[in-house]
C-alpha cells in the first residue's frame, strides 16, 4: 500500500494530486533551429501528466546558459510559445508542471556560445573531467571536454539575475504552475556556492554568505515575478561531478534552506549525491533540513516506490522525484498504484533522436 506516496500534497499555492514527481531529465530533443519545444515534446510531457508534479528538463535562460546541444530554452518568443503548448497539454490532462531554469556556467563549450565566446563561471577554473554535448564544425554531435571559462565580473552579475527574472516572466506567461531554480548539479549557481570553484575576493566570494549571494538574488528575482508560493529550488549538497568539491556543502544547503524558509518558497528539491558518486546524505543532515525548511521537501535519488513510501512516512520528505523510471514509464503513477512491473529504460536513447526511446514506451 502506497497510501502516503499516492496521497495529495500542497506545494506552495499549488495542489498536487499525489507525491510522485517527475524529475527534470535532459533529453536533447528540442526543435531546431532555435531550441524550441515542439509537438514531440508536447506528446512526451502530456503522456506523463498523471504525475503529481512534472519538473521539465532543465531549460537555459540565455544562449550563454547552454551547455548541451538541442536542449530547450526559455528566452525567446518562439521558445515561450513552444512551452505554452506543452503546459496547455499537461493541464488538459489535469497535470501540474514546473519549468526548471538553467544556466550551466562553465559546463559549456565555445561551440555552444555566441561568436565562440568562452563560457562564464564564478572563477576562471575549468571543470575537471567534465564534458558537454556539442555539434562539431563538421555537423556531427559529440561529448567534449568543457572549455576554459572566464570569471564573471561583478558588474555582470545583475545581468545574470535579470536573465532568470525574464525567464520566470516568460514561464508565468506560458502558464507554468511553478518555476524551479536549478542551483544544483555543478552548474552556475553551485559554481558560485562551492568552495573549490569560487575563489573570488569580492562580495560574491570568500564567506559562505557571499558564495550564497547570487543564488538568493536569483530566487528573489523569481519571487518578484511569480510569487514565493510558486517558486522551488533544486539543491545537490555533496555533489561531486562537474569538478565540484565543496568543503562546506551541508552548511551551505542549511543556510539556503533557512533563507528560503524565511521567504516562504513552495519547495526545495534535493538531488541526492550518491548517484553521481558522492556520499549519501546523513540522517543528521536530513533531520536538520526538515527542521529548517517548513515548505514542501522533494527528494530525488533512485528510489523505488516502497522506499519512497517509507521516506515520506518518516516525515523526512513530502514527495519523491523519479527520473529514469519516468523515462520508460509514462504511466508510472498508475503502475505504482497497481503494483505493476516497470518498463526498463534504454540508455542508448536517453539523449537526442526522435520518438524512439522517448514517446514509444508502452503504457500498461
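The values are calculated or read from the model by the stated rules, or taken from the named source; none is laboratory data. Being a predicted model, the structure only gives us computed values, none of them experimental. Positions of Cβ are backbone-derived with ideal geometry, glycine not excepted, and every protein chain shown enters the neighbour counts.
For the reader, a short list of remarks on this structure follows.
- So residue 90, is it free of Cβ contacts under 8 Å to residues at least 60 places away in the same chain and either surrounded by 23 or more Cβ atoms within 10 Å (Cβ to Cβ) or in a strand (DSSP E or B) (or both): yes
- Selection status of residue 148, within 19 Å of the chain's Cα centre (by Cα) and at pLDDT 95 or above: no
- Checklist (1) more than 28 Å from residue 226 (Cβ to Cβ); (2) touching a strand residue (DSSP E or B) at 6+ places or on another chain (Cβ under 6 Å); (3) not in a strand (DSSP E or B) applied to residue 105, failing item: (1)
- Matching option when the condition is within 21 Å of the chain's Cα centre (by Cα), surrounded by fewer than 17 Cβ atoms within 10 Å (Cβ to Cβ), at pLDDT 95 or above and under 30 Å from residue 170 (Cβ atoms), among 212, 224, 228, 203: 224
- Matching residues in the stretch 21-55 - criterion: being within 18 Å of residue 299 (Cα to Cα), part of a strand (DSSP E or B) and either without any contact (Cβ under 8 Å) to a residue 60 or more places away in the chain or more than 16 Å from the chain's Cα centre (by Cα) (or both): 54
- Here 313, 305, 257 are screened, and the one residue that is under 25 Å from residue 9 (Cβ atoms) and free of Cβ contacts under 8 Å to residues at least 60 places away in the same chain is 257.
- Residues of the stretch 183-190 include at least one that is assigned to a helix (DSSP H, G or I), touching a helix residue (DSSP H, G or I) at 6+ places or on another chain (Cβ under 8 Å) and either under 19 Å from residue 58 (Cα atoms) or at pLDDT below 95 (or both).
- Inspection of the stretch 321-338 finds no residue satisfying the criterion of being buried (at least 16 other Cβ atoms within 10 Å of the Cβ), without any contact (Cβ under 8 Å) to a residue 40 or more places away in the chain and touching a strand residue (DSSP E or B) at 6+ places or on another chain (Cβ under 6 Å).
- Which numbered condition residue 298 fails, given (1) in contact with a helix residue (DSSP H, G or I) (Cβ under 8 Å, 6 or more places away or on another chain); (2) surrounded by 13 or more Cβ atoms within 10 Å (Cβ to Cβ); (3) under 22 Å from residue 99 (Cα atoms): (1)
- Residue 243 falls short of the stated requirement of being surrounded by fewer than 19 Cβ atoms within 10 Å (Cβ to Cβ), at positive phi and not in a helix (DSSP H, G or I).
- Taken together, the residues in the stretch 343-362 that are in contact with a helix residue (DSSP H, G or I) (Cβ under 8 Å, 6 or more places away or on another chain) and surrounded by fewer than 16 Cβ atoms within 10 Å (Cβ to Cβ) amount to 5.
- Qualifying residues in the stretch 113-158 (those that are assigned to a loop (DSSP other than H, G, I, E, B) and touching a strand residue (DSSP E or B) at 6+ places or on another chain (Cβ under 6 Å)) - the one surrounded by the fewest Cβ atoms within 10 Å (Cβ to Cβ): 136
- Residues that are surrounded by fewer than 23 Cβ atoms within 10 Å (Cβ to Cβ) and closer than 21 Å to residue 101 by Cα within the stretch 1-14 comprise 12, 13, 14, listed in sequence order.
- Residue list for the stretch 70-85, restricted to those being more than 17 Å from the chain's Cα centre (by Cα) and either more than 30 Å from residue 121 (Cα to Cα) or assigned to a loop (DSSP other than H, G, I, E, B) (or both): 76, 84, 85
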